[in-house]
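Read the structure below first, then the notes.
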Amino acid sequence: MGLNTTDLMTEEQKKNWPLALAISREARTDPKSRYAGKQVGIVRQEVVAIADSLDALVDQLESAHADPDEATWIDANVDYEETHYIWGQA
């Protein structure tokens, strides 16, 4: 037993999570996706920023006046649905 990805999220961030997972799946299965290899920012269930680096994404989110408690960001190439076991056995 351990933490799930959403355990540390605000309610607004949890609402963004289904879109984040869909974007991650798309980016990993379609190399021509506009999200492939990108950092993606989501606010109120809408993509508000797409960047090549985390620094650039943060700049875009700040420019959009995104509330950190509402924003969710992902590395679109990461599989967030894969289980990772740390410091223990399954």
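Would you confirm whether any residue within the stretch 38-56 is touching a Leu at 6+ places or on another chain (Cβ under 9 Å), surrounded by 13 or more Cβ atoms within 10 Å (Cβ to Cβ) and assigned to a loop (DSSP other than H, G, I, E, B)? Scanning the stretch 38-56 turns up at least one residue that is touching a Leu at 6+ places or on another chain (Cβ under 9 Å), surrounded by 13 or more Cβ atoms within 10 Å (Cβ to Cβ) and assigned to a loop (DSSP other than H, G, I, E, B). Being free of Cβ contacts under 8 Å to residues at least 24 places away in the same chain, more than 25 Å from Ile86 (Cα to Cα) and among the basic types (Lys, Arg) is the requirement here; does Arg34 meet it? Answer is yes for this residue. Name the single residue, out of those in the stretch 11-35 being of a type in the set (A, V, I, L, M) and surrounded by 15 or more Cβ atoms within 10 Å (Cβ to Cβ), that is farthest from the chain's Cα centre (by Cα). Only one residue fits best here, namely Ala27. The set of residues in the stretch 1-37 being in a loop (DSSP other than H, G, I, E, B), farther than 20 Å from Ala56 by Cβ and touching a helix residue (DSSP H, G or I) at 6+ places or on another chain (Cβ under 9 Å) consists of Met9 alone. Looking across Ala76, Ala51, one residue alone is within 11 Å of the chain's Cα centre (by Cα) and within 25 Å of Glu11 (Cα to Cα). It is Ala76. With respect to the stated conditions, Ala66 is among the hydrophobic types (A, V, I, L, M, F, W, C), more than 11 Å from the chain's Cα centre (by Cα) and either under 21 Å from Thr6 (Cα atoms) or not in a loop (DSSP other than H, G, I, E, B) (or both).
Read the figures in this text as sums done on the coordinates, not as results from a lab. Not measured: the values here are computed from a predicted model. Using ideal geometry, Cβ is built from the backbone for each residue, glycine included, and neighbour counts are taken over all protein chains shown.
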